[in-house]
Amino acid sequence: MSEQQTVGFTVNGERHTVSVPTRELLVHTLRERLHLTGTHIGCDSSHCGACTVDLNGRSVKSCTVLTVQAQNAEVLTVEGLAGPDGLHPLQEGFREEHGLQCGFCTPGMLVRAYRFLQENPDPDEDQIRTGMAGNLCRCTGYQNIVKAIRYAAEKQTAGSV
Amino acid sequence: MGILEDQQARIDQLGGIGCGRKRKEDARFIQGKGNYVDDVKLPGMLHADFVRSPYGHARIKSIDTSKALALPGVRAVLTAKDLAPLKLHWMPTLAGDVQAVLADEKVGFQYQEVAFVVADDRYIAADAVDLVKVEYEELPSITDPFHSMDPDAPVIRPDLDGKDTGAHGKRKHYNHIFTWEVGDKAETDRVFETAPVTVKEQIWYPRNHGMPLETCGSVASFDKVNGELKVWVTSQAPHVVRTVVSLLSGLDESKVHVVAPDIGGGFGVKVGVYPGYVCSIVASIVLGKPVKWIEDRVEHLAATAFGRDYHMTGELAADADGRIQAARFYVLADHGAFDSCADPTKWPAGFFNICTGSYDIKAAHVTVDGVYTNKTPGGVSYRCSFRVTEGSYVIERMIDVLAQKMGLDKAEIRLRNFIKPEQFPYQSALGWEYDSGSYEAGLRKVMEVCDYAALRREQEEKRKRGELMGIGLSTFTEIVGAGPTKICDILGVGMFDSCEIRIHPTGSAIARFGTKDQGQSHRTTYAQILATEVGIPSESIMIEEGDTDTAPYGLGTYGSRSTPTAGAAAARAGRKIRAKAQKIAAHLLEVAEDDLEWDIDRFVVKGVPDQAKTMKEIAWAAYNRTPPGLEPGLEAVEYYDPPNMTYPSGAYLCVVDIDRHTGEVKVRRFYALDDCGTRINPMVIDGQIHGGLTEAFAVAMGQELPYDKAGNLLGASLLDYFVPTAVETPRYETDFTVTPSPHHPIGAKGVGESPHVGGVSAFSNAVIDAFAHAGVTHLNMPYKSSTVWKTIHTLNLDQRA
Ligand code: FES
Ligand code: FES
């Protein structure tokens, strides 16, 4: 058994304080304590990216982060992507370009793409493919995911001029 | 008379068959509001985990659960001994065999389920797994199916001792499962004896795994007060699960409530019933609490089914012009320790006998021997309809082998052998009646768009320079939509499917189906079929599936069967609605039914276009002004038993460049032309094709589940098991021809699996074609750089100038 520790952090703009065993993984805290089940679990080896969240401005695989490591962190999950004005351009892009099928990889894809577009706001196809290489999809063959991210990049660039 | 502007506007407004409407599924998924099995959370829910065998083959000498049970938070540890009094330590498989739910005195494959630990949370359950002490006595393993029937081979299944007849006839050895034969052996052998040209090749389709991104799992909740059981389960066929659970548990089927919520991909892996489902149910009944079991990725790859593992000997006989006269195939099928194939009950090798492909072959014969080995049981389809990929692969490979032997071009030999449009309906030598196809038109289109002749010239040039370039063709025919109930059933339930539709008074509707979406877009496309049939916008038609309490019984979604069966049920249920609507409209307009004609979304009095009643108006009237003698309401149910399968086809071309110093295969171009009959939603079809091709690419280029001699599975995690990322995945171009199915109500054939079935052959043929000039006729998949490099090196093709 591992000992408990109190962890405070912000998730999607909301402050939370949880008491967790020190060995608890962030993905379980999000899903089971905070009921944010949009973040998924697809493997046990950091390969699939279904659990991707944004932690202090970086994409991380929350199946490989201990909750205690998120002390005072800013976390963004798929549930926090849409703003008061509606869907995030990436969410729109995934729908418009048919970037999802079963939807299981989608939350991780979206959150990773969100960070990727901040790192590279106007990527070409190859850059998108490399930037998204940490996220597996078994359904779409990625072609429409690439298009969806381009859609969002164009919309965001247009919006910022 | 053409379509008037007003009519076109009304067609557009319907969003029916043929439009690329955006998906209804997406809104929830893109906002993290999906509801997958692992998202189900119930008060007091416990978590379960398995103790699994480290050995491929061993006797269990003892199991000591005391330490595990002493751990705070552990509620139960179940072993075969605990399940035995309930007669649940073994379960029937879909293939007519039995499978141990928890190992009964011995294990037959590595990672086999030995004990089931239930605890307050998943961390405690995992701790307790390590505390269960199992003493094993290791036994020799068989991992090479060619040695399964050796006279002195170890006995894999002592429980079958003395049973020399299995579910599919005589067993010729204690490790033999079945022999399945189809076709005219005498005639085929006769043709082979006299044919001017014959070819033979040994072709292995390696063991692999469909690996949906969501693993399998279940949540079982037994209500002791009412004696009712509710199960959320990752199932492509929830109604079948309900029937199986009822049969196994003895609970009334009406007291078993099975729900397949959102499913994170299936690809055939989620058709079967797995020990984890059964154990979570038993644990919930025993403990009176909800029990969740979710497997991890390694467990999924290692213990929950597998695909393929067919060792095939292909033979073709041809005349001097390369026209195929006969085909002969022998298959040694490695089924693992139990026969848990998920095929229709009477088809132990699925529809492998589609292996005459798109070609007019007058004589053919197939023999399949299924054998036990010390490997994971399964043999489920991996995005294909029941062994169709194997059958399609062997013929698409063999026709290339024949072309090479005869010095014929690989496109030319196909053109010479295609079944011609006027030959449909076509009776194949192995017993199928192909419904329709335009094979030559498809291939010619691909050759023209890709300038096939120029590609061959380029290859010629490159070969002179020592460079490796391959061109792969695949002109496949699939068989999907199982199936006519007279030949297809699962555990005795005929393979029909269903649609139930209710039109509400204000003109919107809900329709429920016996199938289950796992990404195929049913909510979107079923609504399109219904929109066209009943004249209500697809936006106003809700689609539901997966809850066995509310949905009509159906056999589920796999084998590309949803559109051919439930899609047909939708069309016919819609037509029943329309027939009743016509009566109501006639009553409202005070004319005879025959004076009315259907016009997109309304009934119109013939010749008097402004005398009309829209479906919306009729819906309202159905609830207050039905004609005398007609019951109120506007509902219909259709259980559709298809008269035949459907036969989608395609022509694919793949161009690869191979680095002769590293063995790296680069896909330069992939052109996929599909013919799935009537196209319901082109956007969805393209998405299915991209996905299926990517899985085909994965199979050809890297997926395998290898075992060592001791029965250790080498590579059951994503560290080893190849799943391509966006970087490796090729780009695809898609195209189509439309040859409707004559027997399907809307002419649709199904498309989900075509790209996989056709794609594997195209990738494989392309890689092998790159070595054709060196005399290579076949190389087994997967084409990892290391193995390709070895081929290059052995052939001396990596010399620097
Ligand atoms: S769950 Fe697969 S990377 Fe985290
Ligand atoms: S949409 Fe199913 S895994 Fe990506």
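The values are calculated or read from the model by the stated rules, or taken from the named source; none is laboratory data. For clarity, every value in this text was computed on a predicted model and none was experimentally measured. Please note: Cβ atoms are built from the backbone with ideal geometry, for glycine as well, and neighbour counts cover all protein chains shown. These area figures cover heavy atoms from the full protein model, side chains too; ligands, DNA and RNA do not enter into them. Shrake-Rupley method; radii C 1.70, N 1.55, O 1.52, S 1.80 Å.
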*asked:* Ordering B:L229, B:L160 by accessible area with a probe of 1.4 Å, largest first, what comes out?
replied: B:L160, B:L229
_Where labels lie 7 Å past Cα in the beta-carbon direction, separation of B:K790 and B:E544 in nm_ = 5.5 nm
*Averaged across the residues of A:40-53, what count of C-beta atoms belonging to other chains lies within 10 Å of each residue's C-beta?*
5
_Mean separation of Cα contacts under 8 Å (6+ apart) over length of region A:89-157, as relative contact order %_ = 56 percent
*B:S508/B:D6 FRET efficiency (R0 30 Å; Cβ-Cβ; nearest 0.05)*: 0.85
*With a Förster radius of 30 Å, plug the Cβ-Cβ distance of B:E433 and B:Q202 into 1/(1 + (r/R0)^6) and report the FRET value to the nearest 0.05.*
0.45
*Quick one, can you get me the convex hull of the C-alpha atoms of region A:4-80 expressed as volume per residue in Å³?*
74 Å³
*Amide H contacts under 5 Å for B:M542, placed H, 5+ residues apart*: B:A509, B:I510, B:A511
*For B:D144, what accessible area in Å² do you get when you roll a 1.4 Å probe over the heavy atoms of the protein chains, rounding to the nearest 10?*
60 Å²
_Difference of contour (0.36 nm per residue) and Cα-Cα distance, B:Y623 to B:K486_ = 45.4 nm
*asked:* Probe radius 1.4 Å, ligands and nucleic acids left out: which of B:K81, B:K420, B:K516 has the largest accessible area, and how do the rest follow?
replied: B:K81, B:K420, B:K516
*Whenever you get a sec, line up B:R561, B:R122 from highest to lowest accessible area (probe 1.4 Å, protein heavy atoms).*
B:R122, B:R561
*Excluding residues fewer than 8 places away in the same chain, name every one of the aspartates and glutamates whose C-alpha is closer than 16 Å to that of B:K613.*
B:D6, B:E533, B:E590, B:E593, B:D594, B:D595, B:E597, B:D599, B:D601
*Of the DSSP H helices in chain B, those whose Cα atoms cover at least 20 Å axially and whose Kyte score averages 0.0 or more*: B:388-406, B:568-589, B:682-701, B:754-769
_Inter-probe distance in nm under a simple model that places probes 7 Å from Cα toward Cβ, at B:K362 and B:R28_ = 5.6 nm
*Listed here are the pairs B:K420/B:K666; B:K606/B:K749; B:K445/B:K666; B:K61/B:K289; which of them are more than 27 Å apart at the Cα?*
B:K420/B:K666; B:K606/B:K749; B:K61/B:K289
_Straight-line reach only, C-alpha to C-alpha below 22 angstrom: list the lysines that B:K185 could link to, leaving out same-chain residues fewer than 8 apart._
B:K170, B:K172, B:K200, B:K346, B:K362
_Computed lengthening from B:K163 to B:V727, 0.36 nm per intervening residue step minus Cα-Cα distance_ = 197.9 nm
*asked:* If I stretch the segment between B:D610 and B:W598 completely, what's the gain in nm (0.36 nm per residue apart, minus their alpha carbon distance), one decimal?
replied: 3.0 nm
*Compute the distribution of all C-alpha to C-alpha distances in the protein assembly as shown, in bins of 10 Å from 0, and list the percent of pairs in each, rounded to whole numbers.*
2, 11, 20, 24, 21, 13, 6, 1, 0, 0
_Could you tell me the calculated FRET efficiency between A:R58 and B:K405, based on Cβ-Cβ distance and R0 = 51 angstrom, to the nearest 0.05?_
0.35
*asked:* So, taking all protein chains as they sit and a 1.4 Å probe, how much accessible area belongs to B:M447, in Å² rounded to tens?
replied: 40 Å²
